[in-house]
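J.: Attaching a single structure in structure tokens format; questions to follow.
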Amino acid sequence: MIRTDWTMAEAQAIHDLPFPKLMRRAQDLHAAHFDPQVIETASLLSIKTGGCPEDCGYCSQSAHHDTGVKATRLMQPDEVLAAARRAKASGARRFCMGAAWRSPKDRDMDKLCRMVREVGALGLETCMTLGMLSPAQVARLKEAGLDFYNHNIDTSPGYYARIASTRTMEDRLETLDHVRKGGIRVCCGGILGMGEDESDRIAMLVTLATLPAHPDSVPVNLWNRIEGVPVDRHARPVDPFALVRVVALARILMPASVVRLSAGRTEMSDELQALCFLAGANSIFLGDQLLTTENPAAWKDAELLARLGMRIAPASPAASPTAGPLAAE
Ligand code: SAM
Ligand code: DTB
Ligand code: SF4
């Protein structure tokens, strides 16, 4: 059953289950909604890097922090299309275009819509992450055929003010509302390892799991260390089992959502990634680069999945939880 009325106490109790019970419960739900041998793949491209007016304390792209990331202009649609072709050839099923903006300018919308149309015409699912959107901007992107919009809540409502001051959790929730009401599928998750405590991680998942509808995709990022940003002063490494518990809890609270093991995989052992897949993670970013930081090489991921007897999801619509393949041995 898909529930959107989870309480903190219920989530905490699930999170704290003995590890074998937690894993069993997550695996049962995973197999009821997806084929656990199948991993969805997305590829990321930074279509506009750096110089961002927001002050997110974890991010290399904020103009408020001196991180050495060079600010660029918005890429041209033909350059984006060339990157999308390469991503498709390397096995990605979804192409996610990210921009370091607080929100897109209306003058950029024509270009963005062209990117969506042309990438979609390649047979890739399209995703964008551009910051806050107005309902009118959502409508334009929907009309162009955008499949997913990524907009993370990043942490718990209580910890949010510690990681950004130029926007609030309410701002994030408002854009998510516009996206959902505009009929674009929602990709929304957060980051672990920014100095938050266990209850913040649980509260973040409860916030996601009590939205009017669960996000279709839930990215779980480990904070990729950026030297010199504010978060670097209070970040703490995440215990590997704590990560697995968070993945399992995400799977249990939002059983039909795709859970993406996102940033931070370069720091994870193969064994830890395998445990995350067993706990219910069923998506990864494919390709050497995330936005400004590294991701495991595509050949390494192919090798890992082969060693585990797992495989990449076929081209869409497998990524849609409602249309996804049900458990098959
Ligand atoms: N500017 C838009 C926004 O903030 O929504 C889109 C791009 S922003 C870089 C997308 C997401 O990347 C953030 O919400 C955050 O979750 C993630 N992110 C940014 N820096 C990160 C880091 N160093 N480690 C892990 N995740 C990070
Ligand atoms: C998400 O949750 N993770 C991706 C994607 N959505 C846009 C971004 C990860 C960025 C990691 C830091 C960087 O490469 O700059
Ligand atoms: Fe800008 Fe997004 Fe980075 Fe925040 S997370 S500084 S909004 S690019």
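The values are calculated or read from the model by the stated rules, or taken from the named source; none is laboratory data. Because the structure is a prediction, the values reported are computed rather than measured. Here the Cβ is made from the backbone with ideal geometry for all residues, glycine too, and neighbour counts use every protein chain on show. The area values use the complete protein model at the heavy-atom level, side chains included, leaving out ligands, DNA and RNA. Shrake-Rupley method; radii C 1.70, N 1.55, O 1.52, S 1.80 Å.
J.: Mind checking which residues of segment 259-291 are over 14 Å from the mean Cα position of the chain (by Cα) and open to solvent by less than 50 Å² (accessible area, probe 1.4 Å)? If you could, list the steps in order and put the result at the bottom.
T.: To start, the set of residues in segment 259-291 that are over 14 Å from the mean Cα position of the chain (by Cα) comprises 266-280, 287-289.
Met268, Leu272, Gln273, Ala274, Leu275, Cys276, Phe277, Ala279, Gly280, Gly287 - these are the residues of segment 259-291 that are over 14 Å from the mean Cα position of the chain (by Cα) and open to solvent by less than 50 Å² (accessible area, probe 1.4 Å).
The rows are residues; the columns are (1) among the polar types (S, T, N, Q); (2) within 16 Å of ligand 3 (Cβ to nearest atom); (3) under 21 Å from the mean Cα position of the chain (by Cα); (4) closer than 23 Å to Ser43 by Cβ.
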| position | (1), (2), (3), (4) |
| --- | --- |
| Gly57 | no, yes, yes, no |
| Ala63 | no, yes, no, no |
| Val69 | no, yes, no, yes |
| Val80 | no, no, yes, yes |
| Ala89 | no, no, no, yes |
| Lys105 | no, yes, no, no |
| Lys111 | no, no, no, yes |
| Leu122 | no, no, no, yes |
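J.: Kindly provide the set of residues from segment 158-170 that are without any contact (Cβ under 8 Å) to a residue 60 or more places away in the chain and either within 16 Å of the chain's Cα centre (by Cα) or crowded, with 17+ Cβ neighbours inside 10 Å (or both), ordered by number. Even if it seems obvious, please write down each step before you answer.
T.: Taking segment 158-170 first, the residues without any contact (Cβ under 8 Å) to a residue 60 or more places away in the chain are 158-161, 168-170.
Hits for segment 158-170 are Tyr159, Tyr160, Met169.
J.: A further question follows. Looking only at segment 171-202, count how many residues are of a type in the set (Gly, Ala, Ser), in contact (Cβ under 8 Å) with a residue 40 or more places away in the chain and under 24 Å from Pro237 (Cβ atoms). If you could, list the steps in order and put the result at the bottom.
T.: Of all residues in segment 171-202, those of a type in the set (Gly, Ala, Ser) come to 182-183, 189-190, 193, 195, 199.
Then keep just the ones that are in contact (Cβ under 8 Å) with a residue 40 or more places away in the chain; that gives 182-183, 189, 193, 195, 199.
This time we only want the ones that are under 24 Å from Pro237 (Cβ atoms), so: 189, 193, 195, 199.
Within segment 171-202, residues that are of a type in the set (Gly, Ala, Ser), in contact (Cβ under 8 Å) with a residue 40 or more places away in the chain and under 24 Å from Pro237 (Cβ atoms) number 4.
J.: Residues of segment 59-97 being of a type in the set (A, V, I, L, M, F, W, C) and in contact with a strand residue (DSSP E or B) (Cβ under 8 Å, 6 or more places away or on another chain), which ones?
T.: So in segment 59-97, the residues of a type in the set (A, V, I, L, M, F, W, C) come out as 59, 63, 69, 71, 74-75, 80-84, 87, 89, 92, 95-97.
Selection gives Cys59, Ala63, Leu74, Met75, Val80, Ala83, Ala84, Ala87, Ala92, Phe95, Cys96, Met97.
J.: Could you list, in sequence order, the residues of segment 40-83 that are more than 16 Å from ligand 1 (Cβ to nearest atom) and either closer than 21 Å to Gly131 by Cα or touching a Lys or Arg at 6+ places or on another chain (Cβ under 7 Å) (or both)? Give the derivation first.
T.: The first filter runs over segment 40-83 and keeps only residues more than 16 Å from ligand 1 (Cβ to nearest atom), leaving 40-41, 76-79, 81-83.
Once the filter is applied, which keeps residues that are more than 16 Å from ligand 1 (Cβ to nearest atom) and either closer than 21 Å to Gly131 by Cα or touching a Lys or Arg at 6+ places or on another chain (Cβ under 7 Å) (or both), segment 40-83 yields Glu40, Thr41, Gln76, Pro77.
J.: Which of the residues that make up segment 208-221 are open to solvent by 20 Å² or more (accessible area, probe 1.4 Å) and more than 16 Å from ligand 3 (Cβ to nearest atom)? I'd like the intermediate steps shown before the answer.
T.: Going through segment 208-221, the residues open to solvent by 20 Å² or more (accessible area, probe 1.4 Å) turn out to be 210-214, 216, 221.
Once the filter is applied, which keeps residues that are open to solvent by 20 Å² or more (accessible area, probe 1.4 Å) and more than 16 Å from ligand 3 (Cβ to nearest atom), segment 208-221 yields Thr210, Leu211, Pro212, Ala213, His214, Asp216.
J.: With the condition kept exactly as written, say whether any residue in segment 133-141 is open to solvent by less than 50 Å² (accessible area, probe 1.4 Å), within 19 Å of the chain's Cα centre (by Cα), of a type in the set (S, T, N, Q) and more than 16 Å from Val80 (Cα to Cα).
T.: Within segment 133-141, not a single residue is open to solvent by less than 50 Å² (accessible area, probe 1.4 Å), within 19 Å of the chain's Cα centre (by Cα), of a type in the set (S, T, N, Q) and more than 16 Å from Val80 (Cα to Cα).
J.: Then there is this: For segment 79-101, state whether one or more residues are surrounded by fewer than 22 Cβ atoms within 10 Å (Cβ to Cβ), more than 13 Å from ligand 2 (Cβ to nearest atom), in a loop (DSSP other than H, G, I, E, B) and of a type in the set (A, V, I, L, M, F, W, C).
T.: Within segment 79-101, none of the residues are surrounded by fewer than 22 Cβ atoms within 10 Å (Cβ to Cβ), more than 13 Å from ligand 2 (Cβ to nearest atom), in a loop (DSSP other than H, G, I, E, B) and of a type in the set (A, V, I, L, M, F, W, C).
J.: Now a separate question. Could you give me the residue pairs with C-beta distances under 9 Å whose first residue belongs to segment 42-60 and is at positive phi, whose second residue is open to solvent by less than 30 Å² (accessible area, probe 1.4 Å) wherever it lies, and which are 6+ apart or on separate chains?
T.: Cβ pairs passing all conditions: Gly50/Ser60; Gly50/Gln61; Gly50/Ser62; Gly50/Ala100; Gly51/Gln61; Gly51/Ser62; Gly51/Ala100.
J.: May I pose another question? Can you find, within segment 223-258, the residue that is farthest from Pro20 (Cα to Cα) among those that are open to solvent by 10 Å² or more (accessible area, probe 1.4 Å) and within 14 Å of ligand 2 (Cβ to nearest atom)? First the steps, then the outcome.
T.: Start the filter on segment 223-258 by keeping residues that are open to solvent by 10 Å² or more (accessible area, probe 1.4 Å), which leaves 223-228, 230, 232-242, 245, 256.
Still in the running and within 14 Å of ligand 2 (Cβ to nearest atom): 223-228, 232, 235.
Values: Trp223: 27, Asn224: 29, Arg225: 31, Ile226: 35, Glu227: 37, Gly228: 39, Asp232: 34, Ala235: 29 Å.
Result: Gly228.
J.: With under 30 Å from Met97 (Cβ atoms) and open to solvent by less than 60 Å² (accessible area, probe 1.4 Å) as the only criterion, which of Ala42, Ala26 stands out?
T.: Details: Ala26 fails: under 30 Å from Met97 (Cβ atoms).
Going through Ala42, Ala26 in turn, the sole match is Ala42.
J.: If you don't mind, another one. Give the residues of segment 102-120 that are part of a helix (DSSP H, G or I) and among the charged types (D, E, K, R), sorted by residue number.
T.: Quick first cut of segment 102-120, residues part of a helix (DSSP H, G or I) only: 106-120.
Within segment 102-120, Asp106, Arg107, Asp108, Asp110, Lys111, Arg114, Arg117, Glu118 qualify.
J.: If you don't mind, another one. List the pairs whose first member sits in segment 242-266 and is within 13 Å of ligand 1 (Cβ to nearest atom), whose second member is of a type in the set (D, E, K, R) and assigned to a strand (DSSP E or B), and whose Cβ atoms are under 8 Å apart, counting only residues at least 6 apart or on separate chains?
T.: Final answer for the pair search is Arg260/Glu40; Thr266/Glu294.
J.: Could you identify the single residue in Leu205, Leu146, Leu130 that is in contact (Cβ under 8 Å) with a residue 60 or more places away in the chain and buried (at least 23 other Cβ atoms within 10 Å of the Cβ)? First the steps, then the outcome.
T.: Details: Leu146 fails: in contact (Cβ under 8 Å) with a residue 60 or more places away in the chain; Leu130 fails: in contact (Cβ under 8 Å) with a residue 60 or more places away in the chain.
Answer to the check: Leu205.
J.: The conditions are (1) more than 16 Å from ligand 3 (Cβ to nearest atom); (2) in contact with a Gly (Cβ under 7 Å, 6 or more places away or on another chain), and Gly182 fails exactly one of them. Which is it?
T.: Going through the list (1) more than 16 Å from ligand 3 (Cβ to nearest atom); (2) in contact with a Gly (Cβ under 7 Å, 6 or more places away or on another chain), Gly182 breaks only (2).
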